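Colleague: There's a structure below that I have some questions on.
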Amino acid sequence: MGKVSRARVLAGHQAMAVARNIRVSPRKLNLVAQQIRGQKVERALNVLTFSQKRIAGVVKKALQSAIANAENNHDLDVDDLVVAEASVGKNLVMKRFHARARGNAGGIEKFFSQITIVVEEKREEASEKEETKAAAPSKSAKGKATKKTSGKAPAKKPAAKKAKKETA
């Protein structure tokens, strides 16, 4: 008789990793998170590897953890993984003081943050089929010869060109 396990929050084709107590402000961490949102994991890892930001190494470690969770815990294909979500949140704030003139103190806040990375499996074949369906006209539209217009008459540019030729 143990505790009842918690219900799974994510869908079956998703995996998650959370990095907590990261010693950087959430605003700075969000700049790095924006770079990887919506990217394929291989490209996201490359972006983080060559990023100039100090915190990119910690984000890369969290992304690698999410990839490992997807592969080992949820049997997802690593080649089809995409960073579905990279959300940044506040964590604790250490409050310090700095001595100022005439016996006063200036407050210093040292922010901590956390990042949650969700990766999901997206097959490229499915997305390619959707693109071809959108590009190809449907069979019902081929039989109709009517055009939908916005209600405005087209501009008469060819007539203006003829007038210029006649004057020359």
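The values are calculated or read from the model by the stated rules, or taken from the named source; none is laboratory data. Every value quoted in this text rests on a predicted model; they were computed, and no experiment measured them. Here Cβ is always computed from backbone atoms with ideal geometry, including for glycine, and neighbour counts include all displayed protein chains.
Colleague: Return the residues of the stretch 8-58 that are part of a helix (DSSP H, G or I) and among the charged types (D, E, K, R); say none if nothing qualifies.
Modeller: Answer for the stretch 8-58, where residues must be part of a helix (DSSP H, G or I) and among the charged types (D, E, K, R): Arg27, Lys28, Glu42, Arg43.
Colleague: Still on this model: Go through Lys60, Lys28, Lys53 for me and flag whichever is more than 17 Å from the chain's Cα centre (by Cα) and either basic (Lys, Arg) or modelled with pLDDT under 95 (or both).
Modeller: Result of the check over Lys60, Lys28, Lys53: Lys53.
Colleague: Considering the stretch 48-63 alone, what residues qualify as being in contact (Cβ under 8 Å) with a residue 24 or more places away in the chain and surrounded by 12 or more Cβ atoms within 10 Å (Cβ to Cβ)?
Modeller: Result: Lys53, Ile55, Ala56, Val58, Val59, Lys61, Ala62, Leu63.
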